[in-house]
Each structure stands twice: as C-alpha cells, then as structure tokens.
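Novice: Have a look at this one before I ask anything.
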Amino acid sequence: MWVLPATSAEKKPLYRQIMELIEDSIANGMLNAGDRLPSERQLGELLDVNRSTVINALDKLADRGVLIRKTGSGTFVNPENWGLQSYPVLNWSPPAHGRTGPDDYAMRVEALRKKSLLEHKPLLDLASGSITPDLLPVQTFPELSWYNLCAQEQDAENAMLGLYSFRLAVQSHLRQKLNLQVDLEQILITSGAQQALFLISQALLKPGDIIGVEAPSYFYLLPIFQASGLRLCALPVDEEGVIPGKLSQLAEKNQLKMIFINPVFQNPTGYVMGEERKKNLLQFCRRKHIPIVEDDAYSLLSFNPQTDITPLKKYDRQQQVIYIGSLSKYIGNNIRAGWLIAPKAIINKLASIRQKIDFGLSALPQLLAEHYLLNHIDRHTLQLQARLAQRAERLMSWLAQRYPGEFSMRQPLGGLYLYARFTAPDPAKKFARLLNDLLDEDIIVARGSDFGDKATAIRLNYAHFVLPDAAPPI
C-alpha cells in the first residue's frame, strides 16, 4: 500500500503525492476509521522520502480533518470524517478512488482511446468491461408496433415495475437457469446494475453510512457510493471471497449498514464463492442484521458445468439478500436492461424513487432483452462460453511467455477477466514501467489499485484478446 505512483513523480510535489496516497487508501477502505498510520520515520523509509516531507503531508491532512495527530501516540484516521470529503468541494462526478483528477497512466489511456477512435487505429483494450462485437448474438428483432410500444409505456404497472411480459421472462429465466424461485411482485426491472445500485444507495442508505465492499472489487470504480456520501470499508477476502470469521471483527469495529458482493466470477479476481462459504456468510449477516446486495452479472459464463454458479439468493430464507442481475455482459451495453429482486415493500420503495427521478423505463430495450431471454440465450451462452474459454487460455499463455515468472495468476473458471498479480522483485518501479511499455504497444490493462487492491496487479478482459483467426459473430 505504501508505494508512491512512479508515473506522477515529475508532475506533483512529493507531499501532495503522499496526501493523495493516504486519501485514496481511506476512500478505498485500505485504512479504516481510527486506524493508526506508521510513524513519520517509518513512512519516510517506506516511501523513500525525507521525514520532513512526510510531516508536511500529515500536517496538511490533519488541518483538513482527515487525520488526527496525537503527541506521543501517533497519527490516526479521523473516525468522524472517515470516508467522506473533509473539506468543501463541488464535484458532481467524483472519481471512485478519491483523486482530484486522473493520474498520468489514466490520462495516457484516455488519449490512446481517443486517438484510436479518431484515426481508426487498432487497439488491444484489455481494460474494457464489455464483450467484443464479434461475441454479440446474431438475433432477429421482434416485430414491434409503434402504437403498442407507446401503449405499454403508458401502463401504470409497466412504468413502475417494468413490462409485465419481461418480468415473466426474467422469472422463468431465474427458475430454469439458476433454480431460483421468485415471486413476480419481487421483480423490479432496471436499466442495468448501476441503476439498481443507485436506487439502493438513495432509498436504503444515507450519507455517512458504512458499507462493506470486497477488496479488490469493481465497486471501487463506481462513483455512486462516494457521490451518495457513503463510507467504504474493505472486506477481508481469500480465494473464495469474503471470510466470515474476519468479517466478524470488522463488523464489531465498524457499524456496517450493508455489504455488497459479487460472489460468482467476481470482478476483477474471478473467484467463485462455494456453498458452505455462502451459507456461513448468510448466517453471520442474519445474526448481525446486515443486509447483503448480490451482483450476479457473469454466472452464465461458466467454462465448466461442474462449477457452482448458485446465487447467494438461493439460500436466502429471511429476505436479507437483494439480488441484481443484468444482460449487458451478454448482449452488450447498448441494450440496458436488468432486474432487481427484493421483498415487495423494498421493490415498491425503489420503484417510487425511480419514478420520481426519470418517470419510468423505455419499453424498447425491455422487449429486446425479453426476446433474447425467450429465443436466443441458450444457444448464445453455450457458444460464448466456448469462445471465452479459448481466449482465456491463449491470454494466459501470452502473459506467461511475455513475462515469465513475473505474474501469479489462476486459471479462470468463467466470466470475463484474468487477474494477475505482479510478483517480480522491486515491483513498484518495474510495474509502472510495464504499464507504460504496454501503452507504447497500444495495449491497455486495468490496474489492481483501481479496484482497491493493495498489491501490484492487473485485470485483463480476455473477451478482447481477439486473435487473427477469430471466428465470425455468434
């Protein structure tokens, strides 16, 4: 954690880099309320800077209220202001990791993407969160009457909860694919997972609430939580996800209002939470009265039929899990359609808030998503699984050959991502050079630090590892 970004060393004063590093660690949950920082001397040694520079940075953060300096005791994260902005700032789109602006690497990535778009230049964007066009389904569109389309949008129940026919299709899909029995009145159609998360943050949480988020997790990239004034607390995880035993200690220290997890083909690590771990987590959260939000975006992208893709919601007997599903990872980001499963009272509350904000949903993407569920999903997901598994295998081989012995990684079980931790000696400087060398070759990867990881790591979307002999669209 205590590593300064080498890419920005020439443009920002060292004390400012140290301040941003500490603020990032607080925003990402790496430092929790009341945590003690290393001593000034230790920080100077860890960061390879003068002690006076460290003192300057800590003093400025103390002046802002981010830290508390206690003579003879040390420097601590201020429990009163932890996770929130501690000085006046107007920022309608605050960055997920708390920086005041993009760093050098992020700016180079943005410039490279723009150049590729303007000049039609090939780009290997392994940092993308979507699938490539050649993996999208080739499906016929249903015959739609403009009059009937408009009429469905005028229907009060359709406008509040989503099209009745689409909710029926979702209900059937969950029962057949995931063995999940859901009442129709517990289904709210959304325009995707991010709208579902936004509605939850607005209706069920309030500014200052502490929420638990896996570290690493894609949730750290979302501006929704920070924009809502929520505090992020890093949940202890291993190769199977959240560790209930360690979660107990964390819950005692922080009054967790809710936890957010992605238990099947987790983004970015790709782990799959086992049945026993799911049941233990449910039992713990039920005892502590902590609601769980489960994002299930990748479960149908399994490479092995023996992999357990059962949702956490399947084991929920006390209505404590809010389940989020979507189709963007299957049919693309342009057709934004998803669903949220929760008790009827919560569904009505979320629907009411959504109605006040945007007056309902468009019927067209719902009808297209419904058509996909009813006519294409079986064939398409089978072909998608085969293609992704092949690309994952080739990406692993490419990375191992290019950087022999320098990355630690596990064979993906499904989903879209390969997560690789950089294990070479002196990783900080070498890692920064590696990222920039890849950019020089028009290759973009996502950094583990963007997902709240303390270690040097990269996430690669193997859907975008397109080969010269790539097959035609499916």
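Where a number appears in this text, it was derived from the coordinates with a stated rule and is not lab data. Everything quoted here is computed from the prediction, not taken from an experiment. Virtual Cβ from ideal backbone geometry, glycine too; neighbours counted across all protein chains shown.
Novice: Where in the range 179-201 is the amide nitrogen less than 18 Å from a point lying 7 Å along the Cα-to-Cβ axis of Arg286?
Specialist: Under cut-off, by backbone N: 180-182.
Novice: How far apart, in nm, are the 7 Å Cα→Cβ label points at Arg317 and Thr423?
Specialist: Computed distance between label sites Arg317 and Thr423 equals 4.2 nm.
Novice: Lys/Arg Cβ at +1, Asp/Glu Cβ at -1, dipole of the range 6-77 taken about the Cα centre: which of Leu47, Leu58, Ile22 is farthest positive-ward?
Specialist: Working it through, the farthest residue towards the positive pole turns out to be Leu58.
Novice: Compute the angle between helix 275-288 and the longest alpha-carbon principal axis of the chain, please, reported from 0 to 90 degrees and rounded to the nearest 10.
Specialist: With rounding to tens, the tilt is 70 degrees.
Novice: From Cα pairs below 8 angstrom and at least 6 apart in sequence, can you work out the relative contact order of the chain, rounded to a whole percent?
Specialist: Working: 781 pairs, mean separation 97.1, N = 474.
Relative contact order here is 20 percent.
Novice: For Ala227 and Gln202 in the same chain, what is the full-extension length gain: residue separation times 0.36 nm, less their Cα-Cα distance, in nm? List each step's numbers first, then the result.
Specialist: Numbers: separation 25, 0.36 × 25 = 9.00 nm, distance 1.04 nm.
Full extension of this stretch gives 8.0 nm more.
Novice: Calculate the spin-label point distance for Asp308 paired with Lys177, positioning each point 7 Å from the Cα along the beta-carbon direction, and give it in nanometres.
Specialist: Reported label-point gap for Lys177 and Asp308 is 2.1 nm.
Novice: What nm value, rounded to one decimal, do you get for the distance between Leu439 and Glu45 when each label is placed 7 Å out toward the C-beta?
Specialist: My value for the distance between the label points is 3.3 nm.
Novice: On to the next question. Give me the log10 of I(q) over I(0) for the range 311-462 at q = 0.09, 0.12 Å⁻¹, as the Debye formula computes it from C-alpha points; what are the numbers?
Specialist: Scattering profile of the range 311-462, log10 relative to I(0): -0.48, -0.78.
Novice: By DSSP, what percent of the beta bridges with both residues in the chain are antiparallel, rounded to the nearest 5?
Specialist: On the way: 27 of 46 bridges.
Bridges in the chain are about 60 percent antiparallel.
Novice: So, with +1 on the Cβ of K and R and -1 on the Cβ of D and E, and no other charges, what is the size of the charge dipole of the chain about its Cα centre, to the nearest 20 debye? All intermediate terms of the calculation are to be shown ahead of the outcome.
Specialist: Details: 52 positive and 49 negative charges, 177 e Å.
In total the dipole reaches around 840 debye.
Novice: Once phi is turned into ³J(HN,Hα) by the Karplus curve 6.51 cos²θ - 1.76 cosθ + 1.60 with θ = phi - 60°, what whole-Hz value does each residue of the range 200-214 show in order, with x for glycine and proline?
Specialist: Using θ = phi - 60°, the values come out as 4, 5, 7, 9, 10, 10, 9, x, x, 5, 9, 10, x, 9, 4 Hz.
Novice: Counting only C-alpha contacts under 8 Å and six or more residues apart, can you give the relative contact order of the range 331-460 as a whole percent? Could you put the intermediate results ahead of the total?
Specialist: Working: 88 pairs, mean separation 20.5, N = 130.
Here the relative contact order equals 16 percent.
Novice: Karplus couplings for the range 180-188 from phi (6.51 cos²θ - 1.76 cosθ + 1.60, θ = phi - 60°), rounded to Hz, Gly and Pro as x?
Specialist: Values, residue by residue: 10, 8, 9, 6, 4, 6, 9, 10, 10 Hz.
Novice: Now for a different question. Indicate the gyration tensor shape class of the range 289-346 (rounded, prolate or oblate), computed on the Cα atoms with a ≥ b ≥ c the square roots of the eigenvalues: a/c under 1.5 is rounded; otherwise a/b larger than b/c is prolate and the rest oblate.
Specialist: Details: a/c = 3.18, a/b = 1.30, b/c = 2.44.
Note, shape of the range 289-346 comes out oblate.
Novice: Given a Förster distance of 35 angstrom, what is the FRET efficiency for Thr71 paired with Ala111, based on the Cβ-Cβ distance and rounded to 0.05?
Specialist: Values: r = 47 Å, r/R0 = 1.33.
E(calc), rounded to 0.05, equals 0.15.
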